[in-house]
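Inspection log for the structure reproduced underneath, given as C-alpha cells.
The values are calculated or read from the model by the stated rules, or taken from the named source; none is laboratory data. Since this is a predicted model, take the numbers as computed values, not measurements. All Cβ positions, glycine included, derive from the backbone under ideal geometry; neighbour counts span all protein chains shown. These accessible areas exclude ligands, DNA and RNA; they are computed on the full protein's heavy atoms, side chains included. Shrake-Rupley method; radii C 1.70, N 1.55, O 1.52, S 1.80 Å.
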Amino acid sequence: MKRLVILISGRGSNMQAVLEAKLNATVAAVISNNPAAKGLTVAHDAGVETRVVNHRDHADRTGFDRALADTIAAYDPDLIVLAGFMRILTREFIERFSGRIMNIHPSLLPAFPGLETHRRAIDEGVKLHGCTVHFVTPALDHGPIVIQAAVPVLPDDDEDRLAARVLEQEHAIYAQAIRWFLDGQLAIDGNRVKLSAACRYAGAMISPLPR
Ligand code: GRF
C-alpha cells in the first residue's frame, strides 16, 4: 500500500476530502506547522496520526524545513500532499522529495500565484477562475500542472462566494490527482505532466454555469 503524508496549516478541508476519498493508500500522518490548525482535530478524529512541527520553534526557514523533512521522512511517504500548507519550502526540502510533492492552489495557474487569489480574480474582471493541482518545484506556485478545474466568475460574486465555488472543485480535483499518481498514470516531463491515456478529462474540468 502506498503512503501519503499530508501537510496542513489551518482548516484542513482539502485534507478531509483526501481522507474521505477512499484512495488506495495509507495516510501515514497529517503534519502541521501550526499547533492550532483545526484540521489536526479532524485528522485525529478520523484516526490518523497527527504531528506538529512548529515553525516558531526554529530560528530560520532552513532549520524548520530540515526538522519538517526529517519528520516526514520517518513515515517513508510515496507522496507529500500540501493541503493548505502556508509555508514557503526551501529548495533543499523540495529537492529531497523531488517529484513527490503535490500542492493545490486556488487559481488557474500561472494566473494569480501567491495569496488573495479570489479577490485578485474579481478585481481583474476575469470570467473564469478555478484551482490547480501541481507538482512542487522551487519556483513558488509553479511546477508541472496535473489537473485544473475552472468555475465561472458571476456578476454578483464576492470573494467568499467565489472561494466557496472554487473550494468545491478543489475537493474534487485533489483526490483525482492523487489517485492518478497512486495508479502510476502521471509522468513529469520538464514543466509538463503527461497523463496516461486512461486518465479521463485529460486534467481539465469545467464546472457548468449555474442555471
Ligand atoms: C485552499 O483554498 C487551498 O487551495 C489554499 O488554502 C486553502 C486551504 O483550505 N492553498 P483548507 O485548509 O484545505 O480548508
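Structure summary
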item	result
Contour excess over end-to-end distance, with Cα ends at residue 52 and residue 139 and 0.36 nm allotted per residue	28.8 nm
Carbon plus sulfur fraction of accessible area for the chain, probe 1.4 Å, in percent	50
Per-residue [θ]222 nm for the chain (sum of -39500 (n - 2.57) over DSSP H runs n ≥ 4, rounded to 500)	-9500 deg cm²/dmol
Crossing angle, helix 61-73 versus the chain [Cα axis fit, 0-90 degrees, rounded to tens]	80
FRET efficiency estimate (nearest 0.05) - Cβ-Cβ, residue 11 to residue 62, R0 30 angstrom	0.60
Segment 2-116: C-alpha gyration tensor shape, a/c 1.5 cut-off, then a/b vs b/c	rounded
Anchor residue 22: lysines whose Cα lies under 25 Å away (excluding residues fewer than 8 positions away in-chain)	2, 38, 194
Computed FRET value (nearest 0.05) for residue 191 with residue 44, which takes r as the C-beta separation and R₀ as 45 Å	0.75
Inter-label distance for residue 119 and residue 76, nm, one decimal - labels placed 7 Å from Cα along Cα-to-Cβ	4.6
Rg in Å to one decimal, and Dmax rounded to a whole Å, for segment 82-211 via C-alpha atoms	14.7, 48
Whole-number percent relative contact order across segment 1-97, with pairs defined as alpha carbons under 8 Å at least 6 apart	37
Solvent exposure of segment 1-97 as accessible area per residue, Å², 1.4 Å probe	50
For segment 1-41, convex hull volume per residue from C-alpha positions, Å³	55
